[in-house]
Amino acid sequence: MNNETWQNGRKSRNKGGKLVPALCNIAGTLILVAVIVFCLPVTLAKLCGYEVYNVVSGSMEPDIPVGSVIFVEPVEAGTVDEGDVIAFRSEGSVIAHRVVRNRVVEGEFVTKGDANQEEDMNPVNYRELVGKVGRCYPVMGHLLFLYTSGVGKAYMLCFAACGAMLNILAGRLRENRQ
């Protein structure tokens with residue numbers, strides 16, 4: 001009996017049977033790491049004080065393409081310079097446009113989308129300022145939309161649960177082998 005021994009009247013392998021628990025453990029760990037990697041950028045950005053938004057219009061293309069995610073840092077309105085890209089609230093949405101003029105005396109910005117021919121019709125009041133766009137990551141906005149929606153959160157939770165269950169399964173398989 002090469003690699004086999006008798007235990008409790010059953011035949012079991014001494015050296016074989018390590019592959020399945022190892023594969024379950026590796027798959028479970030990779031799944032958990034993937035969930036963390038997907039959630040980490042948004043979580044860290046919020047912990048560092050940034051607001052995170054998904055870009056859904058092409059008004060700032062080519063610098064900020066549709067499907068990008070922008071990280072907006074809060075700033076004082078008086079520190080915003082011409083040429084900065086700001087995010088502001090308008091009719092229930094958050095818009096990111098470039099500052100053409102900062103009218104400090106009036107307390108407003110004149111803005112324009114890079115892809116637009118003309119300046120925005122209405123100036124942006126300082127009260128509507130969310131902050132200055134600090135970073136932009138193309139394509140990441142599509143992913144952000146997927147995993148921050150209600151269904152996306154449920155999928156991420158199920159995905160993480162599957163990773164944890166694979167790790168538990170690997171432990172149980174190892175226990176049964178002994």
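The listed residues Tyr137, Tyr147, Tyr50, once ranked by accessible area (1.4 Å probe) with the largest placed first, stand as Tyr137, Tyr50, Tyr147. Extension gain, Phe159 to Leu44, is 39.3 nm, computed as 0.36 nm per intervening residue step minus the present C-alpha separation. The modelled label-to-label distance for the pair Asp84/Ala34, using points 7 Å beyond Cα in the direction of Cβ, is 4.0 nm.
Accessible area per residue of segment 13-93 at 1.4 Å probe, in Å²? Provide the component values of the computation, followed by the final result.
Working: 4790 Å² over 81 residues.
For segment 13-93, the per-residue accessible area is 59 Å².
In this structure segment 94-178 gives 66 Å² per residue of accessible area when probed at 1.4 Å with all protein chains present. 3J(HN,Hα) couplings calculated from phi for segment 26-40 with the Karplus curve 6.51 cos²θ - 1.76 cosθ + 1.60 (θ = phi - 60°) are, in sequence order, 5, 4, x, 5, 4, 5, 5, 5, 4, 4, 5, 4, 5, 8, 4 Hz; Gly and Pro show x. These residues, Met165, Met156, go from largest to smallest accessible area, 1.4 Å probe, as Met165, Met156.
So for the chain, taking the charge dipole from beta-carbon charges (+1 Lys/Arg, -1 Asp/Glu), which of Ser93, Cys162, Val56 sits furthest toward the positive end? Towards the positive end, the residue furthest out is Cys162. Over the chain, Cα pairs under 8 Å with separation of 6+ residues give a relative contact order of 27 percent.
Here the accessible area of the chain is 58 percent carbon and sulfur, with a 1.4 angstrom probe and all protein chains present.
When the charge dipole of the chain is built from unit charges on Cβ atoms (+1 for Lys and Arg, -1 for Asp and Glu) and taken about the Cα centre, the candidate among Ala115, Leu144, Phe71 whose Cα reaches farthest toward its positive end is Leu144. Every helix of 4 or more DSSP H residues in the chain counts as -39500 (n - 2.57), and over all residues that averages to -13000 deg cm²/dmol at 222 nm. Note that segment 85-90 has calculated 3J(HN,Hα) couplings of 9, 10, 10, 9, 8, 8 Hz, one per residue in order, obtained from phi through the Karplus relation 6.51 cos²θ - 1.76 cosθ + 1.60 (θ = phi - 60°); glycine and proline are x.
Accessible area per residue (1.4 Å probe, heavy atoms of protein chains only) ranks Arg101, Arg127 as Arg127, Arg101, with the largest value leading.
So, taking all protein chains as they sit and a 1.4 Å probe, how much accessible area belongs to Lys112, in Å² rounded to tens? Its accessible surface works out to 50 Å², give or take rounding. Rounded to the nearest whole Hz, the Karplus-based 3J(HN,Hα) values (6.51 cos²θ - 1.76 cosθ + 1.60, θ = phi - 60°) of segment 140-150 follow the sequence 4, x, 4, 5, 4, 4, 4, 9, 9, 6, x, with x at glycine and proline.
Accessible surface for Arg135 stands near 130 Å², nearest 10, in the context of the full protein assembly shown (1.4 Å probe).
About its Cα centre, the dipole of the chain is roughly 2080 debye, where the only charges are +1 on Lys and Arg Cβ and -1 on Asp and Glu Cβ.
The values are calculated or read from the model by the stated rules, or taken from the named source; none is laboratory data. Here the structure is a predicted model, which is why all the values come from computation and not from measurement. So basically every Cβ, Gly included, is an ideal-geometry build from the backbone, and we count neighbours across all protein chains shown. Protein only, heavy atoms only, side chains kept; ligands, DNA and RNA dropped before computing areas. Shrake-Rupley method; radii C 1.70, N 1.55, O 1.52, S 1.80 Å.
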